[in-house]
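S.K.: Pasting a structure below so you can have a look.
The values are calculated or read from the model by the stated rules, or taken from the named source; none is laboratory data. Keep in mind that what you see is a predicted model, and the values were worked out from it rather than measured. Here Cβ is always computed from backbone atoms with ideal geometry, including for glycine, and neighbour counts include all displayed protein chains.
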Amino acid sequence: MNQYKIGVVLYMGIIIIVSSIPGNAYPKVDILNADKFVHTIEYGILGFLLIKAFPCDWGIHLIGLIFLGSLFGIIDEWYQQFTPERFSSMWDALADSLGIIIGVLITKLIMNTKE
């Protein structure tokens with residue numbers, strides 16, 4: 001198992017742990033949609049780890065990685081509704097999916113230019 005596969009598992013675990021922290025433990029941020037930016041960055045990192053852990057050509061496998069990463073984001077959003085002072089948001093799930101797409105595609109493009 002390469003270090004990126006271990007990184008995927010650890011990073012997903014960290015995401016779930018952070019999702020388990022009650023919402024009132026976070027500082028209040030008054031910047032409009034700052035949390036969507038954080039979601040995009042958070043899942044962009046996951047997208048990077050996924051494509052490095054499971055390198056593939058353009059096509060169905062790449063779409064599969066994006067789908068799996070996005071599905072994890074949706075499951076994470078669903079899970080948050082059971083955490084006190086937290087809630088599920090379709091917009092957060094979309095920001096998660098956008099982050100996965102950005103992370104996977106940018107990393108894939110960089111990997112291709114190095115070959």
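S.K.: For Leu65, state whether it is modelled with pLDDT of 90 or more and either closer than 20 Å to Val9 by Cβ or in a loop (DSSP other than H, G, I, E, B) (or both).
M.R.: Here the answer is yes, as Leu65 does meet what is asked.
S.K.: Looking at the range 39-62, which of its residues are out of contact with any Ser or Thr (no Cβ under 8 Å at 6 or more places or on another chain), in contact (Cβ under 8 Å) with a residue 24 or more places away in the chain, part of a helix (DSSP H, G or I) and not hydroxyl-bearing (Ser, Thr, Tyr)?
M.R.: Selection gives His39, Ile41, Glu42, Gly44, Ile45, Leu46, Leu49, Leu50, Ala53, Leu62.
S.K.: Looking only at the range 56-100, count how many residues are buried (at least 20 other Cβ atoms within 10 Å of the Cβ), closer than 22 Å to Ala34 by Cβ and among the aliphatic types (A, V, I, L, M).
M.R.: Count: 3.
S.K.: Looking only at the range 72-115, which residues are among the polar types (S, T, N, Q) and within 27 Å of Pro22 (Cα to Cα)?
M.R.: Within the range 72-115, Gln80, Gln81, Thr83, Ser88, Ser89, Ser97 meet the criteria.
S.K.: Could you list, in sequence order, the residues of the range 101-112 that are touching a Leu at 6+ places or on another chain (Cβ under 9 Å) and surrounded by fewer than 21 Cβ atoms within 10 Å (Cβ to Cβ)?
M.R.: Leu105, Thr107, Lys108
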